[in-house]
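Quick notes on the structure that follows.
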Amino acid sequence: MNPLLRNALLAVVALGLVATSAAAQTKLSLWHIWDPNAAQGKIYQEYVKEFEAANPGVKVEMVVTPHKNYFQRLSAAIASGEGPDVFALTYRRLLDFEANGVISPIDGAAAGAMGHASIDALRKAWAPGSLESYQVGDKLYGVPLQFNIYAWIINAKHFREAGLDPVKDAPKTWDDAHAVAGKLVKKDDKGRITRQAISFPFVASAAWYLLEFEPVLRQLGGSILNADQTESLVNSEAAIKTMETIRKRFELGVSDKDIAASLDYYREGFPTGKFSMTIGGNWGIPRWVKNFKGVEESDFLAIPTPTFAGRKTATSTTGWAWVVFDKSNNKEGAWKLADSLTSQPARHLKQTGDIIPRAGWSESDAAKSIPQAAFWEDMLQYSQPLAKIKSYSEVSEILKKAMEEILLSGKDIKATLDRAKADIDAVLKRG
């Protein structure tokens, strides 16, 4: 055969093989918010490479967008019909996305793609109480990629310095908390507070405000919205008493609303001893021990959120999950990818400090890196996903403004909550 003709034929064959390979390749798109240089971002790069290696012919395109721009970009992509196959979604936006038909429910086929014989079998593979954040009615919509459990954390050193036993004297009721706070606060000779007994990051996002508000409200049998989420209940007797309870720390002079209350102050102030009691997550103590010189695990103790006499404690969970775009052309592959991304909770916990709440996560060797892991899991029975409400973005901002006016500006509680109810009801009516 003519050498030129032979080479030409070989080239055609080679091009055909390339074309066939390209045509056979399956593409999946994955979107999330975690910085590629941070622990979470790095581990997702590792997971994707491992998924591609285990599934020849599959290529995952991962797109990372900072949180502040994420939902704007995601909404635009979805509106154009080009939403990613798999994307990270906070449960606080779940109801809005579900109502708009954007996300695919986990049906039998999805459960099968994730290696389970049924949806019931899938549920049993996760810690009790962890999937409900991503449930609407009787349908599940996501598998958690990050799960935060909240409670109160106290500075045990401060308790001991004040002659208190951090275990025996840890506050159980709000009356206890206020009494103990009087022994923990420090003031100078002019009566100005130099160490707050209780502090929390106001002047932050609305979610931080609601971490204080909603658990206390639930302790009293109240809620932000009614059962069918058509009306606000934020001016109820329970809500008024909730705000009275939170504001009392300022009235007692154990907290100072004029001391910086930014997130930076919260993140650095508590581990460095600038205040004695706060709300914190399972991630807090190991992070403080790692990041602050001279800080030891024994300096802190996580306790149930104080409650009212005769009432059970209440707390919140927050988190994100992997969900699948309802118009994905490869839902089976998408759910398979979502399962793979959540399949190594011990490794994930060790490398990032984040909980993937698969069944038994707290019994793994990696969980030993979380002080009081059993305590945090026990808190699940008293928890609900924080502010899982319709129109979260608008409703939460109305509540944040009301709490700022009440706590930081001294506005009348009932009048302020009455206005908040009216504003929230208007949002709910618009739908």
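Of note:
- Screening Ser369 with (1) buried (at least 19 other Cβ atoms within 10 Å of the Cβ); (2) farther than 22 Å from Pro201 by Cβ; (3) not aliphatic (A, V, I, L, M) gives one miss only, at (1).
- Every condition in (1) part of a strand (DSSP E or B); (2) closer than 25 Å to Asn155 by Cβ is met by Trp320 except one, and the failing one is (2).
- Every residue from segment 251-270 that is modelled with pLDDT of 95 or more and either surrounded by fewer than 17 Cβ atoms within 10 Å (Cβ to Cβ) or not in a loop (DSSP other than H, G, I, E, B) (or both): Glu251, Leu252, Gly253
- Of all the numbered requirements in (1) farther than 25 Å from Phe51 by Cβ; (2) in contact (Cβ under 8 Å) with a residue 12 or more places away in the chain; (3) not in a strand (DSSP E or B), Asp378 misses one, and that requirement is (2).
- Looking across segment 124-158, the residues that are outside the structural domain of Gly281 (by TED's automatic domain parsing), touching a residue at least 12 places away in the same chain (Cβ under 8 Å) and not in a strand (DSSP E or B) come down to Lys124, Ala125, Ala127, Pro128, Gly129, Ser130, Leu131, Glu132, Ser133, Tyr134, Tyr141, Gly142.
Results for (1) crowded, with 19+ Cβ neighbours inside 10 Å; (2) among the hydroxyl-bearing types (Ser, Thr, Tyr); (3) assigned by TED's automatic domain parsing to the domain that holds Asp176; (4) within 26 Å of Thr194 (Cα to Cα), shown as yes or no for each residue.
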site	(1), (2), (3), (4)
Leu225	yes, no, yes, no
Asn235	yes, no, yes, no
Arg249	yes, no, yes, yes
Met277	yes, no, yes, yes
Val289	no, no, yes, yes
Pro304	no, no, yes, no
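Per-residue answers, yes or no, for (1) buried (at least 18 other Cβ atoms within 10 Å of the Cβ); (2) under 22 Å from Gly319 (Cα atoms); (3) not aliphatic (A, V, I, L, M):
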site	(1), (2), (3)
Lys42	no, yes, yes
Ala79	no, no, no
Ile106	yes, yes, no
Ala111	yes, yes, no
Trp126	yes, yes, yes
Gly129	yes, yes, yes
Gly137	no, yes, yes
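- Test: residue in segment 399-406 that is in a helix (DSSP H, G or I) and over 16 Å from Val203 (Cβ atoms): no
- Listed conditions (1) closer than 20 Å to Asp418 by Cβ; (2) in a loop (DSSP other than H, G, I, E, B); (3) among the charged types (D, E, K, R) are all met by Asp228, apart from (1).
- Single unsatisfied condition, Ser316 versus (1) under 30 Å from Thr194 (Cβ atoms); (2) crowded, with 18+ Cβ neighbours inside 10 Å: (1)
The values are calculated or read from the model by the stated rules, or taken from the named source; none is laboratory data. These figures come from a predicted structure and were not determined experimentally. Glycine also receives a Cβ, built like all others from the backbone with ideal geometry; neighbour counts cover every protein chain displayed.
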